[in-house]
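The values are calculated or read from the model by the stated rules, or taken from the named source; none is laboratory data. Owing to the predicted nature of the structure, the values given are computational and were not obtained by experimental measurement. Glycine gets a Cβ as well: all are built from the backbone with ideal geometry, and neighbour counts include every protein chain shown. Note: accessible area is taken over every heavy atom of the protein model, side chains too, but ligands, DNA and RNA are not part of it. Shrake-Rupley method; radii C 1.70, N 1.55, O 1.52, S 1.80 Å.
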Amino acid sequence: MATQSKKKLIVHEIESWFSENARAFPWRTDDFPWGRLVSEFMSQQTQIDRVALKWPLILERFPTPKSLAQSNEQNILSLWQGLGYYRRAKFLKKTAEIITEDFAGEVPSDVDDLLKLSGVGKYTAGAISSIAFDKREAIVDANVHRVLCRLWNHAGEWAPSSWTWGKAEQLVSVCSSPKVFNEGLMEFGATVCSKSPKCETCPLQGQCDAFAKNTQSMLPTVKKKTKKKKVFHYAVVLEHQGEFAFEQRGDTGLWSGMWQVPTVDSDVELDVNEISKQLNVRGKLKMLGSFEHMLSHRAISFTVFSCKVGKDSRFNWFSAEALEELPLATAQRKVLAVHCAA
DNA sequence: AATACGGGGGT
DNA sequence: ACCCCAGTATT
């Protein structure tokens, strides 16, 4: 089959398939550029159903770039709780500031302008330009990469590459609507041409070189895995007359900007005396429990202690109700759950 | 070119 | 247990 014909068939099938099978997400019901930009930030490396739960809350609180630009960073971090990759929340705020100052408060539509924003790379710039503004720009995320590698039986690359981007550009150049085609291709990859592909019912079965050679389950090539580093975090719940001590993590590294009960991070196991010494607290530490917290790049052993102390001015003190708003990563919520259960 | 950066769902 | 994901910034 002529390659041009194959591309047109693929594009037509995807646009047709998506018009029938698009899932209902809030940013599709309430479709405007800022909402799309926020959903793209939230969706980076994050499962879409979890984004769908949080998006309405964030858009309600920050309906415009200006509203976020004028807000405190703690507010967006608080709403971002549980989504992970908290740096994205800071990038989103910075992006809102750039849009407010340099783009008159309107989300730009050109890829070159979008790339000036913070936390916007090649994929996100193309996604906003094409999906929010229907401009003829290509996108390649993990879904698109997987679909294209299979359609052309292309092996050897586990991540989006110049080969994939070239193919995506060729396809978007012949589609009728970049907005429909790009989002459709991603959704198709997420639901039909997924890790376990549903080839039996696939509308592109006849165009798929991988299906013809039965290589679809081996494509794209798997990434070589990196070893998790094992570390130890010792969290101490300091209580004084119904209030609890918290500190904010630094500007860089894991959970940057998020809050925690006073914690000792260590590469090696520590005994209780060492923990007490490093935190410099008077009073006896009582061990309440422990749990493992697994991240993609780290295996963290958490041990939770409690201690009755005087009101130490090195920390910020919060009542139990005030903790609802405090930006805490999931591991810290687990720490508080151990304390509650004890 | 590698690595850091979260968390939950799938298998 | 290990895999993966609507990636980007940093080193």
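Among A:174, A:180, A:140, which is within 23 Å of residue A:38 (Cβ to Cβ) and in a loop (DSSP other than H, G, I, E, B)?
Values: A:174 fails: within 23 Å of residue A:38 (Cβ to Cβ); A:180 fails: in a loop (DSSP other than H, G, I, E, B).
When all the criteria are applied, what remains is A:140.
Can you name the condition, by its number, that residue A:158 falls short on among (1) in contact (Cβ under 8 Å) with a residue 24 or more places away in the chain; (2) away from DNA strand B (no atom under 16 Å from the Cβ); (3) open to solvent by 30 Å² or more (accessible area, probe 1.4 Å)?
Among (1) in contact (Cβ under 8 Å) with a residue 24 or more places away in the chain; (2) away from DNA strand B (no atom under 16 Å from the Cβ); (3) open to solvent by 30 Å² or more (accessible area, probe 1.4 Å), the lone unmet condition for residue A:158 is (2).
Quick one: which of A:292, A:324 is away from DNA strand C (no atom under 16 Å from the Cβ) and at negative phi?
Details: A:292 fails: away from DNA strand C (no atom under 16 Å from the Cβ).
So the residue among A:292, A:324 that is away from DNA strand C (no atom under 16 Å from the Cβ) and at negative phi is A:324.
Taking segment A:260-277, which residues are more than 27 Å from the chain's Cα centre (by Cα) and surrounded by 14 or more Cβ atoms within 10 Å (Cβ to Cβ)? Before the answer, list the steps.
Within segment A:260-277, the subset more than 27 Å from the chain's Cα centre (by Cα) is A:268-277.
Answer for segment A:260-277, where residues must be more than 27 Å from the chain's Cα centre (by Cα) and surrounded by 14 or more Cβ atoms within 10 Å (Cβ to Cβ): A:270, A:272, A:274, A:275, A:276.
Looking only at residues in segment A:245-254 that are more than 11 Å from residue A:300 (Cβ to Cβ) and within 13 Å of DNA strand B (Cβ to nearest atom), which one is most open to solvent (accessible area, probe 1.4 Å)? Give the steps one after another, and end with the answer.
Filtering segment A:245-254 for residues more than 11 Å from residue A:300 (Cβ to Cβ) gives A:245-253.
Right, trim to within 13 Å of DNA strand B (Cβ to nearest atom) and you get A:249-253.
Values: A:249: 42, A:250: 45, A:251: 133, A:252: 116, A:253: 60 Å².
Checked segment A:245-254; the qualifying residue most open to solvent (accessible area, probe 1.4 Å) is A:251.
Sort through A:200, A:157 and tell me the only one that's charged (D, E, K, R), over 30 Å from residue A:335 (Cβ atoms), away from DNA strand C (no atom under 14 Å from the Cβ) and modelled with pLDDT under 95. Lay out the reasoning, then the answer.
On the way: A:157 fails: away from DNA strand C (no atom under 14 Å from the Cβ).
Exactly one of A:200, A:157 is charged (D, E, K, R), over 30 Å from residue A:335 (Cβ atoms), away from DNA strand C (no atom under 14 Å from the Cβ) and modelled with pLDDT under 95, namely A:200.
Between a residue in segment A:36-47 that is touching a residue at least 60 places away in the same chain (Cβ under 8 Å) and any residue that is within 6 Å of DNA strand C (Cβ to nearest atom) and assigned to a helix (DSSP H, G or I), which pairs come within a Cβ distance under 6 Å, given they are 6 or more apart or on different chains?
Note: pairs meeting the criteria are A:40/A:124.
Condition test on residue A:53, is it at pLDDT below 95 and either assigned by TED's automatic domain parsing to the domain that holds residue A:149 or within 16 Å of DNA strand C (Cβ to nearest atom) (or both)? Quick ask: steps written out before the conclusion?
Details: at pLDDT below 95: yes; either assigned by TED's automatic domain parsing to the domain that holds residue A:149 or within 16 Å of DNA strand C (Cβ to nearest atom) (or both): yes.
Yes, satisfied.
What number of residues within segment A:9-25 satisfy the criterion of being loosely packed, with under 15 Cβ neighbours inside 10 Å and part of a helix (DSSP H, G or I)?
4
Taking residue A:192 as the residue in question, decide whether it is open to solvent by less than 30 Å² (accessible area, probe 1.4 Å), closer than 30 Å to residue A:144 by Cα and among the β-branched types (Val, Ile, Thr).
Working: open to solvent by less than 30 Å² (accessible area, probe 1.4 Å): yes; closer than 30 Å to residue A:144 by Cα: yes; among the β-branched types (Val, Ile, Thr): yes.
Taking the combined requirement at face value, the residue satisfies it.
Which numbered condition trips up residue A:53, out of (1) part of a helix (DSSP H, G or I); (2) of a type outside the set (Gly, Ala, Ser); (3) surrounded by 15 or more Cβ atoms within 10 Å (Cβ to Cβ)?
(3)
In segment A:56-108, what residues are within 15 Å of DNA strand C (Cβ to nearest atom), open to solvent by less than 30 Å² (accessible area, probe 1.4 Å) and not in a helix (DSSP H, G or I)?
The answer is A:80, A:82, A:83, A:84, A:86, A:107, A:108.
Quick check on residue A:102: is it over 21 Å from the mean Cα position of the chain (by Cα), away from DNA strand B (no atom under 16 Å from the Cβ) and free of Cβ contacts under 8 Å to residues at least 12 places away in the same chain? Walk me through how you get there before you give the answer.
Values: over 21 Å from the mean Cα position of the chain (by Cα): yes; away from DNA strand B (no atom under 16 Å from the Cβ): yes; free of Cβ contacts under 8 Å to residues at least 12 places away in the same chain: no.
Against the criterion (over 21 Å from the mean Cα position of the chain (by Cα), away from DNA strand B (no atom under 16 Å from the Cβ) and free of Cβ contacts under 8 Å to residues at least 12 places away in the same chain), residue A:102 does not qualify.
Can you tell me which residue among A:134, A:113 is in a loop (DSSP other than H, G, I, E, B) and under 20 Å from residue A:39 (Cβ atoms)? I'd like the intermediate steps shown before the answer.
Details: A:113 fails: in a loop (DSSP other than H, G, I, E, B).
One residue alone meets the criteria, A:134.
Go through segment A:202-244 and count every residue that is in contact with a His (Cβ under 8 Å, 6 or more places away or on another chain), part of a loop (DSSP other than H, G, I, E, B) and either away from DNA strand B (no atom under 16 Å from the Cβ) or not hydroxyl-bearing (Ser, Thr, Tyr) (or both).
Number of matching residues: 3.
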